[in-house]
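The values are calculated or read from the model by the stated rules, or taken from the named source; none is laboratory data. Keep in mind it's a predicted model, so treat the numbers as computed, not measured. As a convention, Cβ positions derive from the backbone with ideal geometry for all residues, glycine included, and neighbour counts pool all protein chains shown. Heavy atoms of the whole protein, side chains included, go into the accessibility calculation; ligands, DNA and RNA do not. Shrake-Rupley method; radii C 1.70, N 1.55, O 1.52, S 1.80 Å.
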Number of protein chains: 2
Amino acid sequence: MEHTVKSYEAELSQLDQKISHMGGLVEQLLGNAFASLERRDPRLASEAIASDRAIDLMQKEIEELAISMIARRQPMAQDLRTIVSTLKVAGDLERIGDLAKNVAKRALAIAPETRPQSLILGLRHMTELATASLKNVLDAYMTRDDVKAMKVWNSDADLDALYNSVFRELLTYMMEDPRNIGLCTHLLFGAKNIERIGDHATNIAETVHYMVRGKPLEDDRPKGDKTSVTMIDTP
Amino acid sequence: MEHTVKSYEAELSQLDQKISHMGGLVEQLLGNAFASLERRDPRLASEAIASDRAIDLMQKEIEELAISMIARRQPMAQDLRTIVSTLKVAGDLERIGDLAKNVAKRALAIAPETRPQSLILGLRHMTELATASLKNVLDAYMTRDDVKAMKVWNSDADLDALYNSVFRELLTYMMEDPRNIGLCTHLLFGAKNIERIGDHATNIAETVHYMVRGKPLEDDRPKGDKTSVTMIDTP
């Protein structure tokens, strides 16, 4: 019995280690993806894109281990909650990896652009916020820290507000000069991807809350992206 | 024992019924979302947006039933594969619901627009392809029809090709006349959402293949969206 309990805890800690490893890969991909966009560096972009495959494989590994633990050990209550939470966190990390990969794809597209670099400043700030959320929510997961998770949850409103202003700013550049349209369209999609990364960090925060508290977060997520319903004054 | 087997099969069929019901809700949401975009009908858009909540709840129900079946019944091989597949399909349907909801949000934004309706024709064709894929892949799931699933999988290249041409077309409208920029930006995001719906139908096709054949599809998904790496000639 002692042995069973121990190896069960060993499996749980193995799940955590895999999540931690996967989170590290995702942080690295996001960093490289934005750097490749900012520097218009197609080589770094290609590396970032290729690195997403390792993240997908990690998700599969985590899924397989989690499902086999549920089937073999028939965990109850708290333990089942923890294992299911791991599945959810892995799913969100995989999506963040996809979104970061999409940012790197935009970098390939704009690599030959000669329009001013300044257009990308808003995205840099967005990436800084998203990176901090990702890092903090992974810490919160590893330490089962509900307070820290809720801080991340609340901070997503800032990223959404910033996205709203970046969206408007990019539209004005497009209206000002049609030569900006190609570049700014790619940056608009890039900005949307980063905003969505914040949403997934928020999902992970909700999962941490559920793991620690044993019940789902009652309130709705703060939804601050208003751009999809923004009426644009076209001159 | 007889009883146990029967009630297990009853639970499996309950899972299928829930997936079928969820799929129906998603199809309806997608139809309403595009109709609200085409007719610039904010009331229908709001209804479509609200209907996504029922889809999210269905996913939770399916997850809970599937996880509890795995924990209680410790299914092996084929049965475990089927239950895990249900989890995956529910996940993709939830994402399709989200993407369709985003299309409806764009409809709210463009409702007051007076620019010509013709700009949306490409998106209508895209929606028709995505709707057919969704319907066919759900049929393939319910009948465990691998051949039908693979047809859906292959057809995604058409949707991607169409997205590429819609993307380019919308950019030319923007360059031609800055008054089109606001509307076309929303349509670009809408088109991207529909293209992503095709990707999730493709995921479901892969899951059907895995359920029926017992092994994952070897080849990579056909990736035809080249717009994220499209170099745009700006005049």
For the stretch A:103-127, pairs from a residue that is in contact (Cβ under 8 Å) with a residue 40 or more places away in the chain and more than 9 Å from A:PRO42 (Cα to Cα) to a residue that is open to solvent by 60 Å² or more (accessible area, probe 1.4 Å) and among the charged types (D, E, K, R), with Cβ under 8 Å and 6 or more apart or across chains, are A:ARG115/A:ARG179; A:GLY122/A:GLU169
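Suppose we keep only residues that are among the basic types (Lys, Arg) and more than 14 Å from B:VAL212 (Cα to Cα) within the stretch B:69-88. Which one would you say is modelled with the highest pLDDT? Talk me through it step by step, then tell me what you get.
Our first condition is that a residue be among the basic types (Lys, Arg); within the stretch B:69-88, this holds for B:72-73, B:81, B:88.
Right, trim to more than 14 Å from B:VAL212 (Cα to Cα) and you get B:72-73, B:88.
Working: B:ARG72: 86, B:ARG73: 83, B:LYS88: 93.
So, considering only residues that are among the basic types (Lys, Arg) and more than 14 Å from B:VAL212 (Cα to Cα), the one modelled with the highest pLDDT is B:LYS88.
From the residues in the stretch A:99-112 that are in a helix (DSSP H, G or I), within 10 Å of another protein chain (Cβ to nearest Cβ) and of a type outside the set (Gly, Ala, Ser), which one is nearest to A:MET22 (Cα to Cα)? Talk me through it step by step, then tell me what you get.
So the first thing to find is which residues in the stretch A:99-112 are in a helix (DSSP H, G or I), and the list is A:99-110.
Applying the additional criterion that residues be within 10 Å of another protein chain (Cβ to nearest Cβ) yields A:101-110.
Checking which are of a type outside the set (Gly, Ala, Ser) leaves us with A:101-103, A:105-106, A:108, A:110.
Details: A:LYS101: 15, A:ASN102: 18, A:VAL103: 19, A:LYS105: 21, A:ARG106: 23, A:LEU108: 25, A:ILE110: 28 Å.
Checked the stretch A:99-112; the qualifying residue nearest to A:MET22 (Cα to Cα) is A:LYS101.
Looking at A:LEU129, A:LEU134, which one is open to solvent by less than 30 Å² (accessible area, probe 1.4 Å) and modelled with pLDDT of 95 or more? Before the answer, list the steps.
Working: A:LEU129 fails: open to solvent by less than 30 Å² (accessible area, probe 1.4 Å).
None of the others qualify; the one that does is A:LEU134.
Given the criteria modelled with pLDDT of 90 or more, within 13 Å of another protein chain (Cβ to nearest Cβ), under 20 Å from B:ARG196 (Cβ atoms) and assigned to a helix (DSSP H, G or I), does A:LYS60 qualify?
Details: modelled with pLDDT of 90 or more: yes; within 13 Å of another protein chain (Cβ to nearest Cβ): yes; under 20 Å from B:ARG196 (Cβ atoms): no; assigned to a helix (DSSP H, G or I): yes.
So A:LYS60 fails the test.
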- Message: Condition first: open to solvent by less than 10 Å² (accessible area, probe 1.4 Å), assigned to a helix (DSSP H, G or I), away from chain A (no Cβ under 13 Å) and at pLDDT 95 or above. Can you find one or more residues in the stretch B:173-188 that meet it?
- Response: no
Flagged in the stretch B:59-74 as touching a residue at least 40 places away in the same chain (Cβ under 8 Å) and open to solvent by less than 20 Å² (accessible area, probe 1.4 Å), in numbering order, are B:ILE62, B:ALA66, B:MET69
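Scan the stretch A:138-151 residue by residue and report those that are out of contact with any Gly (no Cβ under 9 Å at 6 or more places or on another chain) and crowded, with 22+ Cβ neighbours inside 10 Å. Spell out how you get there, then give the answer.
Keep residues of the stretch A:138-151 that are out of contact with any Gly (no Cβ under 9 Å at 6 or more places or on another chain), which gives A:139-140, A:143-151.
Matches in the stretch A:138-151: A:ALA140, A:ALA149.
From the list B:ALA205, B:ALA191, which residue is modelled with pLDDT of 95 or more, more than 14 Å from every other protein chain (Cβ to nearest Cβ) and surrounded by 20 or more Cβ atoms within 10 Å (Cβ to Cβ)? Working first, answer last.
Numbers: B:ALA191 fails: more than 14 Å from every other protein chain (Cβ to nearest Cβ).
The conditions single out B:ALA205.
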(Q) Residue under question is B:LYS88, and the condition is that it be within 13 Å of chain A (Cβ to nearest Cβ), in contact with a helix residue (DSSP H, G or I) (Cβ under 8 Å, 6 or more places away or on another chain) and open to solvent by 50 Å² or more (accessible area, probe 1.4 Å); does it hold? (A) yes
Requested in this report: Check whether at least one residue in the stretch B:162-171 is over 22 Å from B:LEU29 (Cβ atoms), away from every other protein chain (no Cβ under 14 Å) and under 19 Å from the mean Cα position of the chain (by Cα), and report yes or no.
Outcome: no
Examine the stretch A:21-34 for a residue that is outside any helix (DSSP H, G or I), within 30 Å of A:LEU183 (Cβ to Cβ) and of a type outside the set (A, V, I, L, M), and state whether such a residue exists. no
Of the listed residues (B:SER68, B:SER51), the one being polar (S, T, N, Q) and closer than 29 Å to A:ASP79 by Cβ is B:SER68
Exercise. Does A:GLU47 qualify as being among the acidic types (Asp, Glu), away from every other protein chain (no Cβ under 14 Å) and touching a helix residue (DSSP H, G or I) at 6+ places or on another chain (Cβ under 8 Å)?
Worked result: yes
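Take the residues in the stretch B:208-227 that are open to solvent by less than 40 Å² (accessible area, probe 1.4 Å) and modelled with pLDDT under 70; name whichever of them is farthest from the other protein chains (Cβ to nearest Cβ).
So the first thing to find is which residues in the stretch B:208-227 are open to solvent by less than 40 Å² (accessible area, probe 1.4 Å), and the list is B:208-209, B:211, B:214, B:217, B:222, B:224-225, B:227.
With modelled with pLDDT under 70 added as a condition, the list becomes B:222, B:224-225.
Working: B:PRO222: 16, B:GLY224: 13, B:ASP225: 9 Å.
Taking the candidates together, the pick is B:PRO222.
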